[in-house]
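Enquirer: There's a structure below that I have some questions on.
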Amino acid sequence: MKYISTRGNNQEMTSAEAIIAGLANDGGLFVPDEIPQVSMEFIKQLADLSYQERAASILGRFLTDYTQEELKGCVSRAYGDGKFDCEAVAPVTIFDKLSVLELWHGPTSAFKDMALQLLPQLLSTALKKTGKKNTVLILVATSGDTGKAALEGFKDVDQTKIIVFYPDNGVSRIQRLQMATQQGGNVAVTAIKGNFDNAQSGVKAIFSDKAFAEKLDTMGVSLSSANSINWGRLVPQIVYYFSAYADLLKAGRISLGDKISFTVPTGNFGDILAGYYAMRMGLPVKKLICASNSNNVLTDFLNTGVYDRNREFFKTISPSMDILISSNLERLLYHVTNDAAKVAGWMKELAETGRYDVGAEVLKDIQAVFSADWSDDEVTSKTINQVYNCKSYIPDTHTAVAWEAARKHIIQSENTEEMVVVSTASPYKFNESVLTALGESIDGMDEFQLLDKLAGVNSNPIPAGLESLKNAQIIHSDVIEKDEMIKAVETFAACK
Ligand SMILES: *Cc1c(COP(=O)(O)O)cnc(C)c1O
């Protein structure tokens, strides 16, 4: 299988090369040139496999240049070894009218772990396979969650290093502790005096500095990013759609061949797009419901065919979905139209005017699979409260956005198919908003008191990664000026 750009240059790559490159050289995203097909028999046999075995088997369909041995090694280093707090890795919890796919049992208690545990393994293996000798230095600017998940994924992975910059005053106390206590022989974490935008533009400037790249190259180092447009971050996510189906089969909740629907809390469109790939491979999926918060640019797009980012930006209680440009949508447009020139045109319009219109025909094809809905913070809080009261289960703020969209879909469509709500974070991660939604008073509490308070009402314990922060040792305490970032990268690159 070859990987090609959504924007139509004639670059063809193996999956290992695409994972090393990240972005195509015309600015497009890498997509497989065909979508592999699986049979019902294949889906049926997944039911008896572990998550790791399911993953190796599905990844093998896309990463055809990796051997099964290599994939098994990658998967076991990513998901084995007690890295996830339950053996199922991505368990499904079944309720009366719907099921919940929990993607937050990894080291940082949010769904980014599903991809960021595996991407570093795929990358390190890709470097070995292609004979590349340089060390890849991953450069990350973070407003909190992605930085920690990337650090956990890359720590002590061969032929890689990672440096994370975060705004000194722009992350929560828990997020700061998570990063400042990060272990690993190949990691650096540095706070900068400034906000997230300063960190991000600093990182962008370093990436586009050609002279600096050449200097690093003489030191045997290449820069790369771990952001969500890398194929190596998307492909791990396809696995859990199959895994959920297999678990529902095993539980007798559905029969082989029954169609099911997924509701996905969406930001950058990576998670839900993985569901689309699963469906195109042959997983029986009826609908993929895209759930947004007040930044509902995708709801409007999926309802009208017009993508328009020229709108007010809201800070919400589901911050990981506070996004106005959903990069992975470009891959969907490519697969729906099979027309790279069209996609390139829309992306040019988006860059120049912030808007594009795909027209009625393309919209119809998209709506055959996708529908969309959104909730504001008030409705989201009410949903958390209701779910807790009715089911004794506490969804986090992002999951609650999806839960509400799923509930409305079930009523409106009088649907009879199984509905799976994709749950993307542990409620402990967003404890303040969750406790407020539950009507608990939190006045004057620090973050550890908030964790304990939530533990008092939640049947799941505080995740080990958060609990252990109370006594963890601070390892990274540097705070630098924003114009010192490039020097910090160089110094770290030179460290053996
Ligand atoms: C990143 C994230 C999302 C959004 O996922 P996308 O792949 O960007 O659509 C939703 N919920 C949580 C908790 C996240 O961290």
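Coordinate-derived values only; no laboratory data. Fair warning: this is a prediction, and the values are worked out from it, not measured in the lab. When we count neighbours, we look across all protein chains shown, and the Cβ atoms used for this are built from the backbone with ideal geometry, even at glycine.
Enquirer: With the dipole of region 360-439 worked out from charges on the C-beta (+1 for Lys and Arg, -1 for Asp and Glu) around the Cα centre, which of N385, A425, A360 lies farthest toward the positive end?
Expert: Selected residue: N385.
Enquirer: Let me ask something else. Considering only DSSP states other than H, G, I, E and B, which GluC sites (Glu not before Pro) in region 284-389 qualify as loop sites with at most 16 other Cβ atoms within 10 Å?
Expert: Of the GluC sites (Glu not before Pro), the ones in loops of region 284-389 whose Cβ has at most 16 other Cβ atoms within 10 Å are E312.
Enquirer: Report, in debye and to the nearest 20, how large the dipole of region 16-171 comes out about its Cα centre when Lys and Arg carry +1 and Asp and Glu carry -1 on their Cβ.
Expert: Computed charge dipole of region 16-171: roughly 320 debye.
Enquirer: Sort region 166-233 into rounded, prolate or oblate with this rule: let a ≥ b ≥ c be the square roots of the eigenvalues of the Cα gyration tensor; rounded if a/c is under 1.5, and if a/c is not under 1.5, prolate when a/b is larger than b/c, oblate otherwise.
Expert: Cα axes put region 166-233 in the prolate bin.
Enquirer: Taking 1 over the mean of 1/r across every pair of different Cα atoms in the chain, what Kirkwood radius in Å do you get?
Expert: Working: mean 1/r = 0.0433 Å⁻¹.
For the chain, the Kirkwood estimate is 23.1 Å.
Enquirer: Another question, then. Out of I206, I260, S468, whose Cα points farthest toward the positive end of the dipole of the chain (charges: +1 Lys, Arg; -1 Asp, Glu; placed on Cβ)?
Expert: I206
Enquirer: Any idea what the relative contact order of region 388-461 is, in percent, if you count C-alpha pairs under 8 Å spaced at least 6 apart? Intermediate results must be reported in sequence, preceding the final value.
Expert: Details: 55 pairs, mean separation 24.3, N = 74.
Relative contact order of region 388-461: 33 percent.
Enquirer: Mind giving me the FRET efficiency for N195 and K44? R0 is 35 Å, r the Cβ-Cβ distance, nearest 0.05 is fine.
Expert: Plugging the Cβ-Cβ distance into 1/(1 + (r/R0)^6) gives 0.10.
Enquirer: What percent do you get for the relative contact order of the chain when only Cα pairs under 8 Å and 6+ apart count?
Expert: 19
Enquirer: Could I ask something else about it? What does the charge count near D376 come to, summing +1 for each Lys or Arg and -1 for each Asp or Glu among other residues with Cβ under 15 Å from its Cβ?
Expert: My count for the surroundings of D376 gives -3.
Enquirer: Work through the residues other than R173 whose Cβ is under 12 Å from its Cβ and net out their charges, Lys, Arg +1 and Asp, Glu -1.
Expert: Every neighbour counted, the sum reads -1.
Enquirer: Another question, then. Cα gyration tensor of region 292-392, axes a ≥ b ≥ c as square roots of the eigenvalues: rounded (a/c below 1.5), prolate (a/b > b/c) or oblate?
Expert: Details: a/c = 2.92, a/b = 1.86, b/c = 1.57.
Taking the square roots of the gyration eigenvalues as a ≥ b ≥ c, region 292-392 is prolate.
Enquirer: Separate question: How high is the relative contact order of region 166-247? Use alpha-carbon pairs under 8 Å, at least six apart in sequence, and give a whole percent.
Expert: 25
Enquirer: Moving on. State to the nearest 20 debye the size of the charge dipole of region 196-247 about its Cα centre, where the only charges are +1 on K and R beta carbons and -1 on D and E beta carbons.
Expert: With Lys and Arg at +1 and Asp and Glu at -1, about 60 debye.
Enquirer: K287's amide H: which non-local residues (gap 5+, or another chain) put their own amide H closer than 5 Å, with H modeled 1.01 Å from N in plane and none for Pro or chain starts?
Expert: Under 5 Å from the amide H of K287 lie the amide H atoms of S261, F262, each far enough along the sequence or on another chain.
Enquirer: Could you tell me which of the pairs K2/K250; K129/K155; K161/K348; K161/K204 are separated by over 24 angstrom between their Cα atoms in the structure shown?
Expert: On the way: K2/K250 34 Å; K129/K155 20 Å; K161/K348 34 Å; K161/K204 18 Å.
Table pairs above 24 Å Cα-Cα are K2/K250; K161/K348.
Enquirer: Another question, if that's okay. Positive end of the charge dipole of the chain (Lys, Arg +1 and Asp, Glu -1 on Cβ, about the Cα centre): tell me which of A56, T399, V306 has its Cα farthest that way.
Expert: A56
Enquirer: What is the dipole size for the chain, taken about its Cα centre, with +1 at each Lys and Arg Cβ and -1 at each Asp and Glu Cβ, in debye to the nearest 20?
Expert: So the magnitude is around 700 debye.
Enquirer: Distance from a point 7 Å along Cα→Cβ of K132 to each backbone N in region 139-159: keep the residues under 15 Å and list them by number.
Expert: 139, 158-159, by backbone N distance to the label point.
Enquirer: Take the alpha-carbon centre of region 340-365, take the same for region 374-422, and report the distance between them in whole Å.
Expert: Region 340-365 and region 374-422 have Cα centres spaced 31 Å from each other.
Enquirer: How much length would be gained if the chain were fully extended between T93 and D156, taking 0.36 nm per residue of separation minus their Cα-Cα distance, in nm to one decimal? If you can, show how the numbers build up before the last one.
Expert: Working: separation 63, 0.36 × 63 = 22.68 nm, distance 3.31 nm.
Taking T93 through D156 to full extension adds about 19.4 nm, to one decimal.
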